[in-house]
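Take a look at the structure set out below.
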């Protein structure tokens, strides 16, 4: 092949290679690496396309070789400049389930814990209170409120005092099982917060209770 043919192949390939990467904005893109800039892609496409044209041409078919080289340069340049596919976003991880509460509220009914008009714990209360003490001792960061409640029989002032005494009795028992006293707050609500009617024996029995709940 003549030198003029080699120059023609490379020149044609360079022009068409750059055209394959051309965009309306010829300013180098700052968000692309250097090897994807139009000039770099065009030169690389030209060199490769020129080599292809040179290899496919001879003394008698210079024009064919130039055409092959130019076409190859355009295709190669466009491929080199093509944007890489955007990575597929990973699905967002599922939220962690809410942790189980360390301390579940406990309601002690008076038919198990206290006799009528008394703040003295019955022996039957020990089993349930021992479980409460075990949970609190296993979780020393938990603090609780012990709330006493009564039915509506008697004066409100008397019932307030009785309900507080019952809450204190529960606290004292838990302390005897190793629970620190400063982790327990006691309060008496008397008859102020009924959970059932005070018109029946069954309703009044439900209202006479002690509740233990985390703070």
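The values are calculated or read from the model by the stated rules, or taken from the named source; none is laboratory data. Here the structure is a predicted model, which means the values were calculated and not measured. Positions of Cβ are backbone-derived with ideal geometry, glycine not excepted, and every protein chain shown enters the neighbour counts.
In table form, for the structure just shown:
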{"read-out": "Filter result (part of a helix (DSSP H, G or I) and surrounded by fewer than 16 Cβ atoms within 10 Å (Cβ to Cβ)) within the range 136-160", "value": "137, 138, 156, 157, 158"}
{"read-out": "Those residues of the range 98-125 which are more than 45 Å from the chain's Cα centre (by Cα), part of a helix (DSSP H, G or I) and surrounded by 12 or more Cβ atoms within 10 Å (Cβ to Cβ), in sequence order", "value": "111"}
{"read-out": "Test for residue 174: is it buried (at least 18 other Cβ atoms within 10 Å of the Cβ), farther than 16 Å from residue 107 by Cβ and free of Cβ contacts under 8 Å to residues at least 60 places away in the same chain", "value": "no"}
{"read-out": "Top-ranked residue in the range 181-191 [being surrounded by fewer than 21 Cβ atoms within 10 Å (Cβ to Cβ) and touching a residue at least 12 places away in the same chain (Cβ under 8 Å); ranked as farthest from residue 119 (Cα to Cα)]", "value": "183"}
{"read-out": "Scan of the range 126-154 for residues that are more than 35 Å from the chain's Cα centre (by Cα) and either under 20 Å from residue 165 (Cα atoms) or at pLDDT 95 or above (or both), ordered by number", "value": "126, 128, 129, 130, 147, 148, 149, 150, 151, 152, 153, 154"}
{"read-out": "Identity of the residue in the range 184-215, touching a helix residue (DSSP H, G or I) at 6+ places or on another chain (Cβ under 7 Å) and outside any loop (DSSP other than H, G, I, E, B), that ends up modelled with the lowest pLDDT", "value": "205"}
